[in-house]
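Engineer: This is the structure I have questions about; it appears just below.
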Amino acid sequence: MKDFVIKYWVQVLFGLVMGGLGTALKVLEKRMRKQTCDYKALKEGTQALLRSEIIRCYDVYMERGYISIHGLESVSSMYEAYHTLGGNGTVTKLMEELRELPVKTRKIEK
């Protein structure tokens with residue numbers, strides 16, 4: 001009788017532990033999927049903002065016909081982040097054109 005009770009409770013406890021682990025794994029999987037989805041949205045949103053700002057800067061500097069050293073550094077930094085996030089070749093072409101512009105320093109008025 002004692003062996004039967006021990007065997008029965010071991011099976012019940014094992015079933016409860018396995019059920020608990022299964023539930024915990026499902027909860028973790030759901031959280032991971034949401035985090036992956038959120039990460040993808042943040043990545044794509046950041047990439048879109050960087051692309052937009054690089055294009056805006058491109059338009060400004062191409063209209064001027066020159067770029068400041070600080071402007072070039074800023075746009076280059078944005079491009080590196082954009083490229084790291086998986087940006088496409090269109091912005092690469094814009095960057096090549098920006099790098100060909102003459103670099104001028106601003107004159108400080110006194």
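Engineer: Can you tell me which of (1) outside any helix (DSSP H, G or I); (2) surrounded by fewer than 10 Cβ atoms within 10 Å (Cβ to Cβ) is the one Gly87 doesn't meet?
Structural biologist: Of (1) outside any helix (DSSP H, G or I); (2) surrounded by fewer than 10 Cβ atoms within 10 Å (Cβ to Cβ), only one is false for Gly87: (2).
Engineer: I need the full set of residues from the range 46-84 which are within 14 Å of Val103 (Cα to Cα), in contact (Cβ under 8 Å) with a residue 12 or more places away in the chain and either outside any helix (DSSP H, G or I) or not hydroxyl-bearing (Ser, Thr, Tyr) (or both), in order please.
Structural biologist: If the condition is that a residue be within 14 Å of Val103 (Cα to Cα), in contact (Cβ under 8 Å) with a residue 12 or more places away in the chain and either outside any helix (DSSP H, G or I) or not hydroxyl-bearing (Ser, Thr, Tyr) (or both), then Met62, Gly65, Tyr66, Ile67, Ser68, Ile69, Gly71, Leu72, Val75 are the ones that fit.
Engineer: Still on this structure, please answer the following. Under 6 Å between Cβ atoms, which residue pairs at least 6 apart in sequence (or on different chains) link something in the range 16-29 that is at positive phi with a partner that is at pLDDT 90 or above and assigned to a helix (DSSP H, G or I)?
Structural biologist: none
Engineer: Of the residues Ile54, Ile67, which single one is of a type in the set (Val, Ile, Thr) and under 19 Å from the mean Cα position of the chain (by Cα)?
Structural biologist: It is Ile54.
Engineer: (1) assigned to a helix (DSSP H, G or I); (2) over 22 Å from the mean Cα position of the chain (by Cα): which one isn't true of Thr105, the others all being true?
Structural biologist: (1)
Engineer: Sort out which residues of the range 12-60 are touching a Leu at 6+ places or on another chain (Cβ under 6 Å) and of a type in the set (Ser, Thr, Tyr), and write them in order of number.
Structural biologist: Tyr58
The values are calculated or read from the model by the stated rules, or taken from the named source; none is laboratory data. Predicted model, so just to flag it, every value in this text is computed and none were measured. Cβ sites come from the backbone with ideal geometry, for glycine too, and all protein chains shown count toward neighbours.
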